[in-house]
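Report on the following structure.
The values are calculated or read from the model by the stated rules, or taken from the named source; none is laboratory data. It should be emphasised that the depicted structure is a prediction, and the values quoted were computed from it without experimental measurement. Using ideal geometry, Cβ is built from the backbone for each residue, glycine included, and neighbour counts are taken over all protein chains shown.
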Amino acid sequence: MNDLRIINIEKKYNSRLPKNDSAFTLQPIGLTIKEGEFFSLLGPSGCGKTTLLKLVAGLIRADGGEIRMDDFDLTAVPPEDRRFAMVFQKSLLFPHMTVEENVAFGLKMQKVSKKMRLDQARNMLEHVGLQGFGFRHPDELSGGQQQRVALARALVAHPRLLLMDEPFSALDPSLREDMRELLRQIQKEFRVTVLFVTHDREEAFYLSDRIGVMSEGELLQVGTAQNLRDHPDTTKVAAFLGLKNLIEGTVTNGYFSSKLEEFEIPVPHLIEEGSCFLILRPEAIQLMPEGVIPGADAMHIRGEIQQLIFNHGFYIGKLKTANHQLECSFSSQQAKNMAAGQMVDLMISLNDIHIVKK
Amino acid sequence: MNKTSWLTKIILVVVLMLFIGLPFLLLVLSSISFGWQWPNILPESFSFRSWEYVLTGSSDTWRAVGFSLLIAVTVTAVNILLAVPAAKSLVRNQLRAKWLFEAIIFAPIVIPPFVAVMGIHLTFLRLGLTETVLGVVLAHLSPTLPYMVRAVVISYNTLSVDWEDQARMLGAGTISRFYHVVLPHIMPGIAAGASLSILISLSQYLITFIIGSGQVVTLPILLFPFISGGDPAIASAYSLLFAGIAILTLLGMDAALKKYYQKKKTATGKA
Amino acid sequence: MWQKSKPYLLLLPAIGTIVLLFFGGLFDGLLKSFGYFPAIGETRFEAAAYTELLQSSEFWASLVLTLRIAALSSLFAGVLGAIIAISLFLLNESTKSGTSQLWHRLFQLPLTIPHLVGGYIIVLLFMQSGFLSKILATAGIIDEITDFPVLVNDPFGWGIILTYAWKEAPFISLMIYPVLARIHRSWREVARVFGAGSWDFVHEIVLPAILPAWTIATFIVFVFTFSAFEVPFLLGVTYPSVLPVYSYQLYTSGTLADRPEALALNIILAAITILLGIVVYYFSKRWNVLKGWD
């Protein structure tokens, strides 16, 4: 199995440069990425995800830990001998070479004969939708086309691992979506293992088999997109995944009570006592049908609608309850009969409620 | 707009004629004059005798051209070998006492190099380096190297490490990276540095004179007696030749650079 | 270990070369200027060469001459260079880039011409029986060769000053042109909206913009002409001569005994240029010549 294993890798930057005022530390990280998996590192800028990527690439020397693949220790192997490939934020196509030569560069380094490598380069260009562009020079291509070439160049030598460092962040939003789609297809087709770095959670959710959320040099949680959304381990993860409606409170005697004394609900006894956050996912909040009294398995919310915002075919409602600001989503149909200033009754099933330790 | 533009153009043409055209024309006229009495504006008669003397009459000319170019090219080649690694180190690494290294390398731009050459003259004499081409080459290194380093540093500054990292990730080792990625990028810097290095080496008089002790006759050494009171026609012809060689070398460098990139661009052609 | 020392090893050849050939020479000269010269049995240190030098009128005459020539040369070159750069800039605004490129190249020609050739051009133009004198005579303005002022090999140093003005003006324009190139076309339009003519534009916007770069460039020319040898050697007189020529005279014409004096003079010269160099460096950093133009 060509699994990538990252074992307690760590890196400290004691900033000797006066410009980097904060010394940065990457906490020891352990992680296994399976062959053929698409794994994303998600986190805000400066969280160390690019550092981790470069440690895996070998472009930065680790202070401790190991990088292994197929049970071979790669830690001391220079990057050029690891048979990895990398796509950077900028396309970094060599300006003095044609597109074809750029794509063939990796094969040239492997001493593949000229005819063979150019054939393979052309073939790969076709895969990224750039047949016939081989003789052009990089400066004659658009930004999106350049990034396609960069992708082709990275894939042509069949790398054991493809590292991608925010490869689409410099592109226009619409182009970014095209590129996502292309990458997804190609990744499935070539079954290449990908380690992808991004700060865009949409992108990570769309592409990844699994996602690792990073913050301040720490890997916080690893899981599938669904898994992370439904069961974030910490508020940090929840906040970064863009989860709304976090309500601070404490758990005592099997009951959660909010700090501002508005909500009190029973919780499963598995949950440890102490300070925590209650997460109410906007899409789980339901409009209470008229005349229905919520049972013991649901929580009742009453509040005033302050704003209705149209968003991708549904409405986001900003709600003001006694002590909290909440966000919930309504269908167009439901929203039709609502107006700002109106009081509404809502409920959420206790099964949809998630509690995270502080 | 149009009026001012025409005015500036006319001023420029006049200034250019006085500034560049007149001196050049004067040298040409003087070199082919055969007697030019005051106060005639044009020579009485023309002859190519000075050119004949300069180009074919004396073997000294071509020997001097040969020495000058040999020294300039050797100095420049050594400079490139010294400057490229130094520039890389200065740009890419956080060095301790970087200011000191920079001060050392760039000092010969400020302090006149003949000061060092006079100081080292007797040591060179004892080492048997005076009167030799090698000695002159060594003496020419310090006035030229700073410019070469500067030019390459400027080039290196514009090459982000990402390019080299990208090449690494594609499997390129140290030599491949340098040849395929770094060199094409810093080539214009090297060419600019080389041009300066050649120009400065070509026009050194005092340093060459002290270390060469009159035995290593480069163009400036050959030229000097003529322009300080020799035959004006021959002095003019030599001056033109000297200036011509300097300009031709630069143009040649420019053309070579263009060719280098053209070759790079069409390396595969339409195969 | 290798990773840590590698950058220093890369620097070593270049640093070593300069230290050995340049600073070695300076140091060698410094020792000998104090009379320390083991090869001829002199192992004492004495400042005799310095005191003798500082007490001689030749030295002071030479220093004054050098300062005067350097100041006038750099001033003339500065004015001429600024005129060329501004004209090229105005031209560039109104013509195609190809043509103005050619103009640039033509004006840079003097930069590539060796100093000795530049000096000789000035000889041909300005000597008493030179081209200018011939023109004036033909025009009937002067009657005799001796009516034309002595401008070459003259005690004041006019020939040297003219040569440097000619040679270094393109350097000045080359240094300030990048600053000019950053003045946007739109500024000019804004200026016109406010009713500024071409002269106002130059006076109010162009000149203030180039002033820091111009000052630095002119000062660099000053430092260079201060320590240059070839042109004064060709176009100067035997007495007084500029410091580098004086040093050369001491070094070659005298006996071995005069050499410490020449080397002492060199050390003084080097000290002055280092000082001037630091001044240039300080101001170019402080004014950050291109600041605010990005």
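Reported count of residues in the stretch B:131-164, each being closer than 20 Å to residue B:118 by Cα and hydrophobic (A, V, I, L, M, F, W, C), is 8.
From the list A:271, A:285, which residue is under 32 Å from the mean Cα position of the chain (by Cα) and under 17 Å from residue A:334 (Cβ atoms)? A:285 is the lone residue from the list that is under 32 Å from the mean Cα position of the chain (by Cα) and under 17 Å from residue A:334 (Cβ atoms). When we screen C:145, C:121, C:135 for residues that are touching a Pro at 6+ places or on another chain (Cβ under 9 Å), closer than 21 Å to residue B:16 by Cα, at pLDDT below 90 and within 11 Å of chain B (Cβ to nearest Cβ), the only hit is C:135. The single condition from (1) at the interface with chain C (Cβ under 10 Å from one of its Cβ atoms); (2) assigned to a helix (DSSP H, G or I); (3) within 30 Å of residue A:164 (Cβ to Cβ) that residue B:94 fails is (2).
Could you look through the stretch A:201-251, keep only residues that are at pLDDT 90 or above and in a loop (DSSP other than H, G, I, E, B), and pick out the one that is nearest to the chain's Cα centre (by Cα)? Among those residues, the one meeting the criterion is A:208.
In the stretch C:13-22, how many are of a type in the set (A, V, I, L, M, F, W, C) and surrounded by fewer than 20 Cβ atoms within 10 Å (Cβ to Cβ)?
Of the residues in that region, 3 qualify.
Put simply, of B:154, B:221, B:175 the only residue that is at pLDDT below 90 and assigned to a helix (DSSP H, G or I) is B:154.
For every residue, the table says whether it meets (1) among the β-branched types (Val, Ile, Thr); (2) within 14 Å of chain C (Cβ to nearest Cβ); (3) touching a residue at least 40 places away in the same chain (Cβ under 8 Å).
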| site | (1), (2), (3) |
| --- | --- |
| B:194 | no, yes, yes |
| B:209 | no, yes, no |
| B:221 | yes, yes, yes |
| B:224 | no, yes, no |
| B:244 | no, yes, no |
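Within the stretch B:44-65, the set of residues being away from chain C (no Cβ under 14 Å) and acidic (Asp, Glu) comprises B:52, B:60.
One residue stands out among those in the stretch B:228-242 that are hydrophobic (A, V, I, L, M, F, W, C) and surrounded by fewer than 24 Cβ atoms within 10 Å (Cβ to Cβ): the one that is farthest from the other protein chains (Cβ to nearest Cβ), which is B:234. Filtering the stretch A:147-178 down to residues that are within 16 Å of the chain's Cα centre (by Cα) and in a helix (DSSP H, G or I), which residue is surrounded by the fewest Cβ atoms within 10 Å (Cβ to Cβ)? Among residues in the stretch A:147-178 that are within 16 Å of the chain's Cα centre (by Cα) and in a helix (DSSP H, G or I), the one surrounded by the fewest Cβ atoms within 10 Å (Cβ to Cβ) is A:177. Can you confirm whether residue B:86 is closer than 22 Å to residue B:140 by Cα, more than 9 Å from chain C (Cβ to nearest Cβ) and of a type outside the set (S, T, N, Q)? Taking the combined requirement at face value, the residue does not satisfy it.
The number of residues in the stretch B:16-39 being over 20 Å from residue C:107 (Cβ atoms) and within 25 Å of the chain's Cα centre (by Cα) comes to 1. Taken over the stretch B:135-155, the residue count meeting the criterion of being under 15 Å from residue B:199 (Cα atoms), more than 7 Å from every other protein chain (Cβ to nearest Cβ) and touching a Leu at 6+ places or on another chain (Cβ under 6 Å) is 1.
Looking for something under 21 Å from the mean Cα position of the chain (by Cα) and surrounded by 14 or more Cβ atoms within 10 Å (Cβ to Cβ) - is there at least one such residue anywhere in the stretch B:259-266?
Within the stretch B:259-266, the first condition is being under 21 Å from the mean Cα position of the chain (by Cα), and the residues that meet it are B:259-260.
Going one step further and asking which of them are surrounded by 14 or more Cβ atoms within 10 Å (Cβ to Cβ), we end up with B:260.
Among the residues of the stretch B:259-266, at least one is under 21 Å from the mean Cα position of the chain (by Cα) and surrounded by 14 or more Cβ atoms within 10 Å (Cβ to Cβ), which makes the answer yes.
Of the residues making up the stretch C:59-87, those that are among the polar types (S, T, N, Q) and either within 14 Å of another protein chain (Cβ to nearest Cβ) or surrounded by fewer than 19 Cβ atoms within 10 Å (Cβ to Cβ) (or both) are C:66, C:87. In the set A:277, A:256, only one residue is in a strand (DSSP E or B), within 30 Å of the chain's Cα centre (by Cα) and among the aromatic types (Phe, Trp, Tyr); that residue is A:277. Among the numbered conditions (1) crowded, with 22+ Cβ neighbours inside 10 Å; (2) more than 9 Å from chain C (Cβ to nearest Cβ); (3) in contact with a Gly (Cβ under 8 Å, 6 or more places away or on another chain), the only one that residue B:117 does not meet is (2).
Applying the set (1) loosely packed, with under 14 Cβ neighbours inside 10 Å; (2) among the charged types (D, E, K, R); (3) more than 30 Å from residue C:277 (Cβ to Cβ) to residue B:96 leaves exactly one unmet item: (3).
crowded, with 16+ Cβ neighbours inside 10 Å, among the aliphatic types (A, V, I, L, M), within 27 Å of residue A:59 (Cβ to Cβ) and modelled with pLDDT of 90 or more: is that true of residue B:91 in this structure? Considered against the rule, which asks whether it is crowded, with 16+ Cβ neighbours inside 10 Å, among the aliphatic types (A, V, I, L, M), within 27 Å of residue A:59 (Cβ to Cβ) and modelled with pLDDT of 90 or more, residue B:91 comes out as yes. Here B:11, B:41, B:20 are screened, and the one residue that is facing chain C (nearest Cβ under 10 Å), free of Cβ contacts under 8 Å to residues at least 12 places away in the same chain and in contact with a Leu (Cβ under 7 Å, 6 or more places away or on another chain) is B:20. Among the residues of the stretch C:1-46, just one is modelled with pLDDT of 85 or more and not in a helix (DSSP H, G or I), namely C:34.
Restrict the check to the stretch C:34-56 and report whether at least one residue is within 30 Å of residue C:175 (Cβ to Cβ) and either within 12 Å of chain B (Cβ to nearest Cβ) or free of Cβ contacts under 8 Å to residues at least 60 places away in the same chain (or both). Quick ask: steps written out before the conclusion?
Of all residues in the stretch C:34-56, those within 30 Å of residue C:175 (Cβ to Cβ) come to none.
Checking the stretch C:34-56: not a single residue is within 30 Å of residue C:175 (Cβ to Cβ) and either within 12 Å of chain B (Cβ to nearest Cβ) or free of Cβ contacts under 8 Å to residues at least 60 places away in the same chain (or both).
Just so you know, in the stretch A:70-107 the residues that are small (Gly, Ala, Ser) and at the interface with chain B (Cβ under 7 Å from one of its Cβ atoms) include one that is nearest to residue A:196 (Cα to Cα), and it is A:85. Taking the stretch C:234-251 only, how many residues are of a type outside the set (Ser, Thr, Tyr), under 26 Å from residue B:106 (Cα atoms) and within 11 Å of another protein chain (Cβ to nearest Cβ)? Number satisfying all stated conditions: 3. The helices (runs of 4 or more DSSP H) falling completely within the stretch C:181-294 that include 3 or more residues that are modelled with pLDDT under 85 and closer than 30 Å to residue B:206 by Cβ map to C:259-287.
The criterion of at least 3 residues that are more than 19 Å from residue A:255 (Cβ to Cβ) and without any contact (Cβ under 8 Å) to a residue 24 or more places away in the chain is met, among strands (runs of 3 or more DSSP E) falling completely within the stretch A:314-358, by A:314-320.
Taking helices (runs of 4 or more DSSP H) as the structural unit, those lying wholly within the stretch B:1-56 and holding at least 1 residues that are at pLDDT 85 or above and under 24 Å from residue C:77 (Cβ atoms) correspond to B:22-31.
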